[in-house]
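Comments concern the structure below.
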Amino acid sequence: MTTTATPLLEDTPLGPEAGGLYRHQNIVTGMVAGIVLAFVGWLISHALLQGSNWGTDMVVTVTMTCWVIGFNAGIGTFNGPFRWLTDNDQTPEDELYAAGVGQGAKRYWKFCTDHKVVGTQYLVLVMVLFAVGGTLGMMIRTQLITPHSSFMTPQLYNTVVTVHGMTMIAATIIMVTGPFTNFIMPIMIGAKDMAFPRLNAASFWVVFSAVPCLLAVFFLGGVNAGWTTYAPLSVQDPPAMDTFALTILVFAASVTLAGVNIIVTIVTMRAEGMTMFRLPIFTWGSMLGSALGLYAMPAFIMAMVLMITDRATGTSFYVAAQGGTGWLWENIFWIMGHPEVYVILIPPVAAMLEVVVTFSRKPLFGYVIVIAAFVAIDALSILVWAHHMFTTGWAPDLSGPFMLTTELISIPTGLLFLCIIGTLWKGKIWTRLPMFFVYLFLWNFIIGGVTGIYLSDVPADGLFHNDMFVTAHFHYTLMGGAMMAATAALCYWFPKMTGKMLNERIGKVAFWIIAVAFQVTYLGMFWEGFEGMPRRVAYYDPTFLHANQMATVGAYALILGWLLLLYDIIHSWRNGTPAPANPWGAKTLEWKVPTPVPLENFVVEPVVTSDPYTYGEPEKVPSAKPAPEPELIPGGGGGGGA
Amino acid sequence: MTSGPTVEAAQGDGAGVARGAGDAEIPKPLFSRPAGKILVIWLIFTAIGIVLALVVPKHTFPPMLTKEGDTGVTTVIFFTIMAAPVAALVYGIAAYSLLAWRQRGQRDEPPEDGPPLRGNAPVTIVWLCVTSLLCIVLLVWGLAAMAADNQAPPGALRVDVTGQQWLWTFSYPGTGVSSRSLVLPLNRPVQFDVTSNDVTHGFWSMSLGVQVDANPDVVTTIYATPNKLGKFTVQCSQLCGLYHSFMYAPGAVVRPGAFALWLYANGASLRAASLDAKVKMTRADTATGQVTAAVGATPAGS
Amino acid sequence: MTLTAEHGHEEPAGGEPPHGHHQSPAQRHRKEHLALWLFIGGDVVFVALMIFTWFYTRALNTNGMWRGANCTTANPCTDGLGNPLTHQVPTANPWYGVVVAVLIVVAALLAWSAERSSRERAGRGTIVTSTTCALVALLAAVVVQCYEFGALPFTTIVGTYASAYEFFMGSALTHALLLSFLALGFLIRSRAGRYDDGQWYQLRLYRIFAVWIAVSICVLTFISTVFT
């Protein structure tokens, strides 16, 4: 995965083999350990529990938990805590090995603490998740091309809808904080790595171990309840629901730990002179998105723990006959679910702001305003959750207050738009591929955001809740908005992460297919919604035929566009033109280090003298501290100054 | 050096002046300034938005049969018209940026730097005020509409709605009628009391402008007043298992006389049907299929 | 402070940058301290939701089944398996919960004592005693909590009070196990002399975490005992 003209530190051999068993740990040992422990867990739990009440659910839960623990033990996630426990802490040689020194490309298949490796691993995982989720989405649209298709059975359709939703939610949560916050952010702040590199690698492999749990849903009877798995329907679902719940527990734990890592890194590991208000906005967005995730993920964990106990031990949190209520599920779920969409949205928007700055050649307009907007969105999003529950009847008197808080969120979101167009204003707009996706974001997110305002209004929500209108709205915001911003970020940082330039001719063709097909697909879906088609249906009234045909045709074109972009990414990664250290002439610190980025990023620790938005401003008088020798860090000076 | 909003001369709404040969400032004509061109694009996008607001809902929504449905559609139209200028501003400036400020022919080297505009306090404050005002307008509208919808006037017709996997049952308390179709009389407020026998379902009819979940072991309530005759469909909106797609029921808004006849045909007594429909139905009426005598607030000649 | 001195981690597992020697101990401590408080923040959300769950389901009392108030011989309710119930669910014996809470408070105090001993360089013996006693207290809490599961006068399928009460018990058990893991690690490490010379920082992290757990368990025990 790396191109090396000169040997990098991480490729030089480490020295005689020492350090024992753990140096042989990799993805294979992880899988073997996971399968073995899962099998042992299955044997024991099956012998003890099958035949008892809820026995199958308990067996499935135990088996999949054993898989997760076994895999992570096998790949080395628990080495750190275990060695702490036994007073056998890592030596510096151990740490070098853990950072991937001497292993070449093999380090991508191991527990590697180098944040750049972890970022690349996340990038590949995210693309795989989108491929899986995209395929499932195409299956849904194929079913819906005629009103009574026999393409899928109702059980399979409901399961595909569920797994499509969950896969996409998981992928969009980590699509920017996984690859880019990990790879780019430490370099951006002048640090050598994340605050807790072992925890970083652990977060990745924990997410990885959750993926088979999610896919196991298809083999354990399927889940009928959509990704929101409302109780009590989900309490009654086949054992696939247990592995689905476990997937979420594991995933949420990983996101929480990664969030802690990100925040601590940004607060404590900035280089000298990098004050909080000299940080690039991407750093702020990563931090504030992660902070919100710290609030939301425990709620997800709580909801799913109660679900598992309801299903496997007979508690009655969600079962009305025994004193429970589906409203408890809905409340806890949406306490997570609304902040979660801002966890999805804020990091990509922050990344996109870096793109807007670089390709307008102007400072970020309203830097402090953007930060304030992110903070306001974080705070308000905690107070709006019941707008997903206007029609549940749970507390009609609270509809007014929740409508208020929900509509208030449009104000900070609007400020973000002000700052984007303010940055474009009178800029020197350089229309390279990343900038294409920025304009597409602007077009799509306005539509997505405005349609969200309809849903925040209680009477209109009564018309549209659980209608295809809602589906079109969140695809416009999450795919049309957040994912396009993330794609802009990918095109922007591709040269730094892979050492290659992304082929822009192919990229632009893919862009236009995606841009146009997206409108056809999701405007078609809005049409379906206006006509009154409910969501999550496998069969529909023939009145909705034309709208569905439009959406399905659009979807097929859309997937072709994405596949073409994927081809471009893979082809350029392997055979593209080698990239210079700073192809975009950008000013943030990651562009001041060479490509490929050496282990520990900076040969000499940088000293920062200004923020990275000094476009058009006169050169600063050099600070009192001596700048490092230029030849040590090819590609630029040692600071973020102009 | 921290960045904060700085006021930059000759920006904001664009360079509105040209410097002539002397010191006198000659204002440029409106439409050759950036502000003028953006105004044109803004007007076009706003007009498109307003046209879409007025045309699309009317041509795609199913026919609205109740006061609440009308409120919902009017809200959609009003919100779209309110949002159109804001969207148009963003689209306008974005489009103008590509028309006027795009560096053409630029391939591999970054262009020169643009002006260092880090912020503009007046623009930001105006933007904040306008968006907040819009927000308040939308909120007030929404609260008013909500208050109007949540009324339970006395004398409302009561309908008990029960959802189960995978069908709807509508019963009319006091008449003993239980049906898989929902028939409602014109111009009479209705109170729906909704519950479920098993999992959570969604009692939803877009034409009636009503949606409330059917939850097991609790009753949720929603109101509607049909004001047009017509047919509609009740659909389950909350995914409820295998045959969720098939969980729909036919419905109709009919005149009170027809409603009384329907109740009678479904097992109500003459008296109960008359009371519920607020008409005076006689046995002779049931033979002719026409109820001639009306009572109270129903329109004449039902 | 040598280079191989403690690499502090609390749950979650912490770590060092590949060349740890560039970070001063003060920087390391600051990182771990912040990480701990962020993690506690997440746990605060979790505990808040537990409290919400308790009071919300209690207030709703769906079907009268918070504790089966409507169950009579004439009008029996059934448990989830169809067996008729004709009586209210009895409340759990509060003393188990109190004992567990007290043991965890004791463990937190012992953690504080260990930290103080290390800071004042009071000698390995004192530190080891404190960490050992903390481990013993925590293991006792685990044992008592496990025993209570068997000694309950109800099973979870009988109403939401029973479910929520057992959930609170499970949470206390999980946290006690987590603290036991940490206590064992501190025991082993203090015996090896890691905290003799005033390197009390990790013990401080442990103390903060133990105090939080003790506070949250006291609050939850109070709620589950008083608001039956």
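The values are calculated or read from the model by the stated rules, or taken from the named source; none is laboratory data. Worth saying up front: this structure is predicted, and the values here are computed from it rather than measured. Note: ideal-geometry Cβ built from the backbone for every residue, glycine included; neighbour counts use all protein chains shown.
Summary table below
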{"quantity": "Residues of region B:103-128 that turn out to be surrounded by 16 or more Cβ atoms within 10 Å (Cβ to Cβ) and not in a loop (DSSP other than H, G, I, E, B), as a count", "calculated": "4"}
{"quantity": "Members of region C:100-127 that are of a type in the set (A, V, I, L, M, F, W, C), surrounded by 20 or more Cβ atoms within 10 Å (Cβ to Cβ) and more than 17 Å from the chain's Cα centre (by Cα)", "calculated": "C:A114, C:I127"}
{"quantity": "Restricting region A:492-542 to residues that are over 19 Å from A:F437 (Cα atoms) and among the charged types (D, E, K, R), the residue that is surrounded by the fewest Cβ atoms within 10 Å (Cβ to Cβ)", "calculated": "A:D541"}
{"quantity": "Filter result for A:V341 (surrounded by fewer than 24 Cβ atoms within 10 Å (Cβ to Cβ), in contact (Cβ under 8 Å) with a residue 24 or more places away in the chain, in a helix (DSSP H, G or I) and more than 13 Å from every other protein chain (Cβ to nearest Cβ))", "calculated": "yes"}
{"quantity": "Subset of region A:92-119 that is among the hydroxyl-bearing types (S, T, Y) and buried (at least 22 other Cβ atoms within 10 Å of the Cβ) - its residue that is nearest to the other protein chains (Cβ to nearest Cβ)", "calculated": "A:T113"}
{"quantity": "Within region B:167-217, tally of residues that are among the hydrophobic types (A, V, I, L, M, F, W, C) and in contact with a His (Cβ under 9 Å, 6 or more places away or on another chain)", "calculated": "4"}
{"quantity": "Which listed residue, of A:S399, A:S410, is modelled with pLDDT under 95 and either within 25 Å of the chain's Cα centre (by Cα) or closer than 17 Å to B:V86 by Cα (or both)", "calculated": "A:S410"}
{"quantity": "Residue among C:W212, C:W200 that alone is touching a residue at least 24 places away in the same chain (Cβ under 8 Å), more than 30 Å from C:T78 (Cβ to Cβ) and over 17 Å from the mean Cα position of the chain (by Cα)", "calculated": "C:W200"}
{"quantity": "Residues of region B:176-226 that turn out to be charged (D, E, K, R) and either at positive phi or more than 9 Å from chain A (Cβ to nearest Cβ) (or both), as a count", "calculated": "4"}
{"quantity": "Members of region B:207-224 that are of a type outside the set (A, V, I, L, M, F, W, C) and surrounded by fewer than 23 Cβ atoms within 10 Å (Cβ to Cβ)", "calculated": "B:P216, B:D217, B:T220, B:T221, B:Y223"}
{"quantity": "Failed item, numbered, when A:V160 is tested on (1) buried (at least 16 other Cβ atoms within 10 Å of the Cβ); (2) out of contact with any helix residue (DSSP H, G or I) (no Cβ under 9 Å at 6 or more places or on another chain); (3) of a type outside the set (D, E); (4) without any contact (Cβ under 8 Å) to a residue 40 or more places away in the chain", "calculated": "(2)"}
{"quantity": "Whichever residue in region A:227-271 is of a type in the set (S, T, Y) and away from chain B (no Cβ under 14 Å) and, among such residues, is nearest to A:V59 (Cα to Cα)", "calculated": "A:T243"}
{"quantity": "Hits in region A:63-91 (condition: buried (at least 20 other Cβ atoms within 10 Å of the Cβ), more than 13 Å from every other protein chain (Cβ to nearest Cβ) and of a type in the set (V, I, T))", "calculated": "A:T63, A:T65, A:V68, A:I75"}
{"quantity": "Among residues of region A:355-376, those that are part of a helix (DSSP H, G or I) and within 14 Å of chain B (Cβ to nearest Cβ), counted", "calculated": "14"}
{"quantity": "Boolean, B:W141 is in a strand (DSSP E or B), facing another protein chain (nearest Cβ under 10 Å) and under 24 Å from the mean Cα position of the chain (by Cα)", "calculated": "no"}
{"quantity": "Tally of residues being of a type in the set (A, V, I, L, M, F, W, C) and in a loop (DSSP other than H, G, I, E, B) across region A:403-435", "calculated": "3"}
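Residue by residue, here is whether (1) more than 14 Å from chain A (Cβ to nearest Cβ); (2) under 30 Å from C:R121 (Cβ atoms) holds:
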{"position": "C:T132", "(1), (2)": "yes, yes"}
{"position": "C:L139", "(1), (2)": "yes, yes"}
{"position": "C:E148", "(1), (2)": "yes, no"}
{"position": "C:P153", "(1), (2)": "yes, no"}
{"position": "C:F168", "(1), (2)": "no, no"}
{"position": "C:A183", "(1), (2)": "no, yes"}
